Each structure stands twice: as structure tokens, then as C-alpha cells.
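The values are calculated or read from the model by the stated rules, or taken from the named source; none is laboratory data. Here the structure is a predicted model, which means the values were calculated and not measured. Cβ placement follows ideal geometry from the backbone for every residue including glycine, while neighbour counts extend to all protein chains displayed. Calculation scope for accessible area: heavy atoms of the full protein, side chains included, ligands and nucleic acids excluded. Shrake-Rupley method; radii C 1.70, N 1.55, O 1.52, S 1.80 Å.
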Amino acid sequence: MVDVAVIQFAPGQDKQENLRTVRTLAAEAAGRGAKVVVAPEYAMFTAPRTDERIVESAEALDGEFVGGLAATAKELDVHLVAGVNEALPGDDRISNTLVALGPGGDIVATYRKLHLYDAFGYKESDVIRAGEIGAPETFAVDGLTFGMQTCYDLRFPEVTRRIVDAGADVLLLPAQWVPGPLKEDHWSTLIRARAIENTVYVAAADQSARTGAGNSMIVDPMGVTLVSLGERVGTAVATVDAERITEVREKNPALALRRFTVSEI
């Protein structure tokens with residue numbers, strides 16, 4: 001069993017302030033027993049619009065912001081996952097990247113957003129380069145395997161299925177889920193669907209208002225919402241349990257019974 005936390009806040013344009021907030025909330029979560037802490041997408045820097053300010057904010061993964069995340073993970077003895085704006089040398093766009101820092105302060109896994117948010121009046125691809133499709137990276141904590149994906153990727157079930165096929169028991173989902181008509185309903189419905197159809201836990205960390213829809217949550221493999229943050233800034237902690245996954249998969253062996261695999265187009 002592993003205690004997992006989602007932390008929810010609204011990152012702004014001050015990277016050091018964002019880092020302090022991540023550390024404060026991660027410390028709160030660790031104090032409640034969390035060994036894995038998940039922060040939102042764009043935790044490094046968020047502007048009112050996805051524009052050139054995002055590009056100007058970007059850093060390499062050996063830069064100051066990720067270094068600060070690494071120091072926090074090491075100090076708190078946790079695995080810490082957060083969304084960062086990764087600079088891409090020679091490109092006028094950046095990568096929307098998730099980094100997982102281990103308790104030793106090292107990067108144990110990365111994920112670069114595959115499906116860009118060119119929807120609902122936004123066009124993320126103007127300043128973000130989609131990640132290359134490769135083998136999903138995972139990391140293990142106390143016998144459970146954790147995988148990652150980002151925000152809009154939630155609308156593409158094959159993304160989660162590939163991560164589960166790579167062995168993930170728990171999906172970590174940082175997001176900046178932009179508010180709007182029916183968007184909050186889509187968020188909660190899709191999180192539960194990904195958990196149910198893959199019989200895995202989903203820990204989804206969203207930004208809070210005004211930049212995000214909030215409602216960060218942790219859902220179990222049967223689709224039961226274990227904890228949820230609503231609209232507030234803060235942390236929520238739940239226990240993920242390998243025995244629960246086994247129990248659910250005995251009742252619902254959907255992964256074993258399927259007749260299709262996921263392939264790249």
C-alpha cells in the first residue's frame with residue numbers, strides 16, 4: 001500500500017512563488033503520510049493565455065525549477081511529480097513535460113504531452129511541441145508501478161491503455177483543465193472512465209480557479225472517488241492498494257478479456 005497525494009493550486013507567472021507553493025503543499029501531504037505527491041500541469045509557470053510567455057518561461061530539466069523540485073522531493077523523502085515548461089534547444093516551441101523526482105532527488109521518469117490542447121478555442125500547438133511516441137516511462141514505489149500522462153491526453157483512452165500495458169497500477173494525471181460549459185463534468189467522467197476500463201487507480205491533480213477547474217481527485221479501480229478537493233487550494237491523500245486492484249480485476253477481468261491492442265497511426 002502507498003499513500004498518494006494530489007495537490008491543487010493556481011500557478012502564476014512567478015516561478016519561485018510557484019515552487020514555494022509546491023513545497024508547502026507537498027510538505028503538508030508528506031506530513032499526512034504521502035509517499036507520492038502529484039502537482040498540476042504547468043506548475044512551473046502559468047499565464048492567462050498559452051502564448052510566448054510560456055516559451056520565455058521554459059528551462060532545461062537540469063535548470064533551477066526542476067532543481068527546486070528535486071530538493072523538495074529529497075527533503076520530504078517522497079516521489080514528486082509536477083508539470084514543467086521544458087526548453088527545447090533549436091526550437092521556438094517548448095515541451096509540456098511531466099517530471100517525476102525520486103526521494104534521492106533524481107529524475108526517475110518523464111512524460112511529454114502527446115495530444116495538444118487545440119480545442120475549445122485554444123491552440124496549444126502554437127507554442128508547444130507534441131511529445132514523441134515511445135515506450136511509457138514508469139517508476140515503482142513499494143511494489144506498485146506508477147505511470148503519467150497530461151491533461152488533454154485524458155480524452156484519448158488509448159494513451160492510458162498503453163501506460164497500463166507498460167505495467168502501471170496507478171495513473172498520475174497533472175492537468176490544467178480549463179473551466180467551461182460541461183468541462184467539469186467531462187473531467188470527472190473521464191477520470192472515472194479511465195480508472196474503470198483499465199482497472200487502475202487514477203490520481204488527477206488539477207489547477208484551481210481561475211486557471212483550472214479544480215476538483216482534483218483520486219479514484220480507485222472500480223471508479224469510486226476516494227478523495228476530492230472541490231474548488232479549494234490544498235491537498236488530498238488516499239491509499240492505493242495492490243490487493244484492491246487484484247480484487248477488482250477478479251470481478252472485472254476486462255484487460256484479460258480484450259481482443260484489441262493499441263497501435264500508433
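Just to check your reading of the model, which residue among THR225, THR150, THR235 is over 30 Å from SER125 (Cβ atoms), touching a residue at least 60 places away in the same chain (Cβ under 8 Å) and of a type in the set (S, T, N, Q)?
THR235
TRP177 - would you say it is touching a Cys at 6+ places or on another chain (Cβ under 8 Å), among the hydrophobic types (A, V, I, L, M, F, W, C), outside any strand (DSSP E or B) and touching a residue at least 12 places away in the same chain (Cβ under 8 Å)?
Yes: the conditions hold for TRP177.
With respect to THR189, determine if the residue is among the hydroxyl-bearing types (Ser, Thr, Tyr), outside any helix (DSSP H, G or I) and open to solvent by 30 Å² or more (accessible area, probe 1.4 Å).
Judged against the criteria, THR189 is not a match.
Take the residues in the stretch 94-128 that are among the charged types (D, E, K, R) and modelled with pLDDT of 95 or more; name whichever of them is surrounded by the most Cβ atoms within 10 Å (Cβ to Cβ).
Residue satisfying both the conditions and the ranking: LYS113.
I need a count of the residues in the stretch 181-212 that are hydrophobic (A, V, I, L, M, F, W, C) and at pLDDT below 95.
2
Considering every residue within the stretch 199-221, establish whether at least one is of a type in the set (Val, Ile, Thr), crowded, with 23+ Cβ neighbours inside 10 Å and assigned to a loop (DSSP other than H, G, I, E, B).
Checked the stretch 199-221: at least one residue is of a type in the set (Val, Ile, Thr), crowded, with 23+ Cβ neighbours inside 10 Å and assigned to a loop (DSSP other than H, G, I, E, B).
Would you point out the residue of the stretch 231-265, among those that are of a type in the set (S, T, N, Q) and in contact with a strand residue (DSSP E or B) (Cβ under 8 Å, 6 or more places away or on another chain), that is surrounded by the most Cβ atoms within 10 Å (Cβ to Cβ)?
THR235
Only residues that are assigned to a loop (DSSP other than H, G, I, E, B) and surrounded by 17 or more Cβ atoms within 10 Å (Cβ to Cβ): list them for the stretch 62-92, please.
Across the stretch 62-92, the qualifying residue is only VAL78.
Condition test on GLN176, is it in contact with a helix residue (DSSP H, G or I) (Cβ under 7 Å, 6 or more places away or on another chain) and either within 29 Å of GLU28 (Cβ to Cβ) or open to solvent by 60 Å² or more (accessible area, probe 1.4 Å) (or both)?
Considered against the rule, which asks whether it is in contact with a helix residue (DSSP H, G or I) (Cβ under 7 Å, 6 or more places away or on another chain) and either within 29 Å of GLU28 (Cβ to Cβ) or open to solvent by 60 Å² or more (accessible area, probe 1.4 Å) (or both), GLN176 comes out as yes.
Please indicate, with yes or no, whether at least one residue in the stretch 213-220 is touching a residue at least 40 places away in the same chain (Cβ under 8 Å), under 23 Å from ASN252 (Cβ atoms) and touching a strand residue (DSSP E or B) at 6+ places or on another chain (Cβ under 7 Å).
yes
Within 29 Å of ALA10 (Cβ to Cβ) and out of contact with any Leu (no Cβ under 8 Å at 6 or more places or on another chain): is that true of LEU190 in this structure?
So LEU190 does not fit the description; no.
Would you point out the residue of the stretch 129-167, among those that are among the small types (Gly, Ala, Ser) and open to solvent by less than 20 Å² (accessible area, probe 1.4 Å), that is nearest to LEU190 (Cα to Cα)?
GLY147
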